[in-house]
1. Over the Cα atoms of the range 415-459, compute the convex hull volume and normalise it per residue, giving Å³.
2. So what's the back-of-envelope 222 nm ellipticity for the chain, counting only DSSP H runs of four-plus at -39500 (n - 2.57) apiece and dividing by all residues, rounded to 500?
3. Cα centroids of the range 229-266 and the range 136-188: how far apart, whole angstrom?
4. Just one of [x] 85, 69, 44; [y] 83, 67, 51; [z] 79, 59, 50 is Cα extents along the principal axes in Å calculated from these coordinates, so which is it?
5. Please give the helix 226-235 orientation as an angle from the longest Cα principal axis of the chain, in degrees from 0 to 90, rounded to the nearest 10.
6. State to the nearest 20 debye the size of the charge dipole of the range 266-434 about its Cα centre, where the only charges are +1 on K and R beta carbons and -1 on D and E beta carbons.
7. Compare the peptides 299-312, 384-397, 262-275 by average per-residue count of other Cβ atoms within 10 angstrom and give them in order, highest first.
8. Of Lys234/Lys465; Lys180/Lys467; Lys211/Lys253; Lys211/Lys234; Lys120/Lys408; Lys25/Lys181, which sit over 26 Å apart, Cα to Cα?
Amino acid sequence: MKRVVMLLVVVSVLAASGSAAAQAKPEGEIRYALYVTLAPAWFDPAEVVGVLTPFWVLYAMHDALVKPMPGNHQAPSLAESWTVSPDQRVYEFKLRQGLKFHNGDPFTAEDVKFSFQRAKGARILHEKVREVTIVDPYRVRFTLHEPWPDFMTFYGTFATSAGWIAPKKYMEQVGPDGFKKAPVGLGPYKFVSHTPGVELVMEAYEGYWRKTPTVKRIVYKSVPEATTRLAMLKRGEVDIAYLFDGPMAEEVKRDPNLKLAFSGGIGITYVDFLDQWDPKSPWHDRRVRLAASLAIDRKTLSMAETLGASRPTGGMVPRSFEFALALEPHPYDPAQAKKLRLRTMERAAFYPALASKKLKGICVCVNAVYGNAASRMSETVPAEGAFAYGAYPDIEALYRQQAQELDKKKRGALLTQIQQQLFERVRFAPIYEYIWPSGIGPRVEDPALMLIDPYPWSAPLEEVKLKKR
């Protein structure tokens, strides 16, 4: 019997080593046209605050203890596993051993604690976590002040970047500014160069623990102008161009060399009535807010902007999220339509203005906070939320109550009640779950879109494939 067992072990080892040896070396270069200008702050996981866009870079150059992956929104990554104490106050993570950052520094629990303490967008986590203890080099323990059912939602998804790891030793050597100029991570791609406003170049890290990337080099090009992105795609200057409107998407469909692809589903586009808390404002009156919501032709907007791919909704939580309440939108009623004045703003200026409560009137916004219904509402429903200009006391009380409720069924009922109340009071006017069209060039075999569902961009990047020559 022992000989059989030993033989099986030897065969397994040989099969594993043979598979690794047979894996092809990364080849080729894939070029992306992004619709925003890359910010160097996104190179540092600690600088990621409240929005999804920086995960473009995090999924390339960095890695997390736990992160959304295909088929699992909380997949073990740098952490092999974790346990939760019976009183739900202690979370202990077992880390993968033998991993190295791109510069050769070993990955240990020191990096985990260091990264958590630096995370700027993790206010709620810092409030809830009493201490982080390094049990040994490959085991780290988080102790909470009190049981909190959403610890893993905020630590292990896109809701914050606190679980994404930067190298403590290297960061202390070069400092935050030096790190932004030459970032080092644990992800499938390592930094090569960054030309501000032009492009970010990365190359495959063959030591990546999950699998060696297929594509050798990735280039992210900053191309804010959609017509330019389309022209570059047609000329073969880029292989994937994100985010086209309806007419441009139709143009991609007509081109026999290109392919149209849809992705997204995280962000919900909505109207926020920022002045509803001011008794002197017309938006204080629910009837006025309702009239504005009735004036939105959601289906026509979806067809014009995304060829009908974006799903009209009456709720602020994507249907695929845990505890989401599926709400149909208010019907379109053109008789109550009102003419509204719009002011567009650059993304870099918009979010600081929104968070500092400087905007007036109404805002056509996007909420893309990940996780579940509670985390999705965290920045807009309670008064302390980064993008909340006010709150209803009774709904706030329910929100606080659900955050402490450990019974999943009771908690779900509370979150359903909150979502229903927000809808009835027209706290927001949700438009649709935003799913947009992008263009894929002829060299691409698999753009890895929507492998993580929902998620708007190629990921995981080690799964992107070019066609064989």
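Values in this text are rule-based calculations from the coordinates and carry no lab data. Since this is a predicted model, take the numbers as computed values, not measurements. Neighbour counts are summed over all protein chains in view; Cβ atoms, including those assigned to glycine, are modelled from backbone coordinates with ideal geometry.
1. Cα convex hull per residue, to the nearest whole number: 86 Å³.
2. -9000 deg cm²/dmol
3. Centre-to-centre (Cα) distance: 35 Å.
4. The value computed from this structure is option [z].
5. 40 degrees
6. Dipole about the Cα centre, nearest 20: 260 debye.
7. Highest to lowest by the protection proxy: 262-275, 299-312, 384-397.
8. Lys180/Lys467; Lys211/Lys253; Lys211/Lys234; Lys120/Lys408; Lys25/Lys181
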